[in-house]
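Worksheet: the structure to be examined is printed underneath.
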Amino acid sequence: MITRYALFEGLVRPGGTEAFRAAVLDRLVPLWKQFPGNSEVRVMFGEHRDEGAPEFPLILGITYPDRATMEAALQSEARARSRDVTGEIVAEFFDGRIHHHVTTANHFAP
């Protein structure tokens with residue numbers, strides 16, 4: 001399993017946090033769930049950070065069984081539509097940058 005994270009590093013414009021979150025949940029999550037082959041979509045909104053740490057108002061994680069499945073999803077129509085909608089939401093609410101990281105995970109029971 002691999003997870004591709006989109007890290008929204010920066011700031012939501014003053015007074016826009018709730019509208020930003022609602023736009024993500026209402027307009028983007030339905031598209032992200034359509035990415036072919038994904039096994040999980042996680043949307044995490046930043047609530048607290050260490051003093052001096054960069055701000056990440058949104059972290060998106062989409063999990064796939066393998067890299068080939070992820071690459072196919074990145075070529076999908078749902079991904080193309082999500083990029084357009086992301087651009088609209090960013091233009092309205094967000095100042096910063098978005099970068100992506102692909103990770104492998106190891107799970108350990110407590």
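Look at the alpha carbon pairs under 8 Å that are at least 6 residues apart: their mean separation over the length of region 1-60 gives a relative contact order of 53 percent.
For the pair Ala80 and Leu25, label points projected 7 Å from Cα toward Cβ lie 3.1 nm apart. Angle of helix 77-93 to the longest C-alpha principal axis of the chain, folded into 0 to 90 degrees and rounded to 10: 10°.
Nearest-5 percent of antiparallel DSSP beta bridges in the chain? Antiparallel bridges: around 100 percent, rounded to the nearest 5. In plain terms, the chain from Val102 to His48 could stretch by 17.1 nm, reckoned as 0.36 nm per residue minus the Cα-Cα distance. Counting only DSSP H runs of at least 4 residues, each contributing -39500 (n - 2.57), and dividing by the residue count of the chain, the helix-based mean residue ellipticity at 222 nm comes to -9000 deg cm²/dmol. Working from Cα pairs under 8 Å separated by at least six residues, relative contact order for region 31-110 is 32 percent.
Values quoted throughout were computed directly from the atomic coordinates according to the rules given, and no laboratory measurement underlies them. Not measured: the values here are computed from a predicted model. Virtual Cβ from ideal backbone geometry, glycine too; neighbours counted across all protein chains shown.
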